[in-house]
Amino acid sequence: MTTRQKAAEAVELAIEDYHLTEEPFYLPVNNELEMFAKAFELKLPAMLKGPTGCGKTRFLEHMAWKLKRPLITVACHEDLTAADLVGRFLLKGSETVWTDGPLSLAVRHGAICYLDEVVEARKDTTVVIHPLTDDRRILPQEKRAALLEAHPDFLLVISYNPGYQSVMKDLKHSTRQRFVAMDFSYPPPDKEQDIVMRETGLDEANAKSLVKLAEMVRNLKQHGLEEGVSTRLLVYAAKLMVGGVAPREACEAGVVSPMTDDEEMQTAIREIVHGIF
């Protein structure tokens, strides 16, 4: 077996690592499950919009499991290059072998490729996804002088937080208008309480108090707080409580300190915590 054949076999084995073996818990809020399934069926690239920690990634994991497709996630950052996504030639032994990047791997094998917080990537990098988001469904691999046609089951998904991005890091309209968009927000109180209880095993009374805390802290966005407290942070605080940490201390470590470094804002959140617990 040649080095190239071995590399190809390794890729086949690697794609299996991206299949989810257990169903991720996700509690639907609206019609997002049906909408995403239809986008997958029609091969329409999808954009998930919403605040940090509101369940976008968990939703996508749930859908990948439900659709029985591998999920390849790329955490975007300012140093991400097109080669990081598409692939590059690497020296292996005495041969130079092409190695697919995560985007090429997904395109070739019909995976869902998730570009998380896509606006964090450089704009010259995100341009490479454009040919995948129209009826061409191709990925240019310029270093190989090749065009990779997308597998019928390939789907491109991006996410970003509209309320957090600056003018310099907003999503270009030429990119936005290539996706169908799905808006996410924090779940309604009753569903958020169910999520906290299901994820952590916390009792109903304390879960209800945590959700009340979240609602009150989120109202502080009108008074200078950059972000509302996420469902993820509520789950962290709940896990600390289930683990034996006192409620106020759990909220200090799971909500107050992660939310802000501003002392006055921390004091305001701490007072809410003390009022509830």
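Excluding residues fewer than 8 places away in the same chain, name every one of the aspartates and glutamates whose C-alpha is closer than 18 Å to that of K49.
E32, E34, E61, D116, E117, E120, D170, D183, E226, E227
Run a plain Debye calculation on the range 120-277 (Cα atoms as equal point scatterers, no solvent) and give log10 I(q)/I(0) at q = 0.21 Å⁻¹, rounded to two decimals, same order as the q list.
With one equal scatterer per Cα and no solvent, log10 I(q)/I(0) is -1.24.
Extent of the range 189-276 along each principal axis, from alpha carbon coordinates, in Å, largest to smallest?
Per principal axis, max minus min of the Cα coordinates gives 33, 24, 20 Å.
With each run of n ≥ 4 DSSP H residues scored as -39500 (n - 2.57), what mean residue ellipticity at 222 nm is computed for the chain after dividing by its residue count and rounding to the nearest 500 deg cm²/dmol?
-12000 deg cm²/dmol
Amide H of Q141 versus every other amide H placed in the peptide plane: which residues, excluding those fewer than 5 positions away on the same chain, fall under 5 Å?
Under 5 Å from the amide H of Q141: A146, L147, L148.
Per residue, how big is the convex hull of the range 68-191 when only Cα atoms are used? Give it in Å³.
142
Apply 1/(1 + (r/R0)^6) to the Cβ-Cβ distance of E226 and T267, taking R0 = 25 Å, and write down the FRET efficiency to the nearest 0.05.
About 0.90, to the nearest 0.05.
Taking every DSSP beta bridge with both residues inside the chain, roughly what % is antiparallel (nearest 5)?
Given both bridge residues lie in the chain, the antiparallel proportion sits at roughly 35 percent.
From the gyration tensor of the Cα coordinates in the range 20-123, what semi-axes in whole Å does the equivalent ellipsoid have, largest first, with each one equal to sqrt(5λ)?
29, 17, 12
Given +1 on the Cβ of Lys and Arg, -1 on the Cβ of Asp and Glu, and no further charges, what dipole in debye does the chain carry about its Cα centre, rounded to the nearest 20?
840
With r defined as the distance between the Cβ atoms of L90 and A145 and R0 fixed at 25 Å, what FRET efficiency is calculated, to the nearest 0.05?
Calculated transfer efficiency: 0.90.
List the residues, sorted by chain then number, that are 5 or more residues from T73 or on another chain and whose placed amide H is less than 5 Å from its amide H.
For T73, whose amide H was placed from the backbone, the distant partners under 5 Å are Y114.
Mind sorting V273, V157 by how few other Cβ atoms lie within 10 Å of their own Cβ, fewest first?
Fewest-to-most Cβ neighbours within 10 Å comes out as V273, V157.
Nothing charged except the Cβ atoms of Lys and Arg (+1) and of Asp and Glu (-1): what's the magnitude of the dipole of the range 1-158 about its Cα centre? Round to the nearest 20 debye.
Value, rounded to 20: 300 debye.
Taking the Cβ of each residue in T57, T126 as the centre, tally the other Cβ atoms inside 10 Å and list the residues starting with the fewest.
If I rank by nearby Cβ atoms, fewest first, I get T57, T126.
Bear in mind that the values in this text are calculations on the coordinates, not laboratory data. Remember, it's a predicted structure, so these values are computed and weren't measured experimentally. We place every Cβ from the backbone using ideal geometry, glycine too, and count neighbours over all the protein chains shown.
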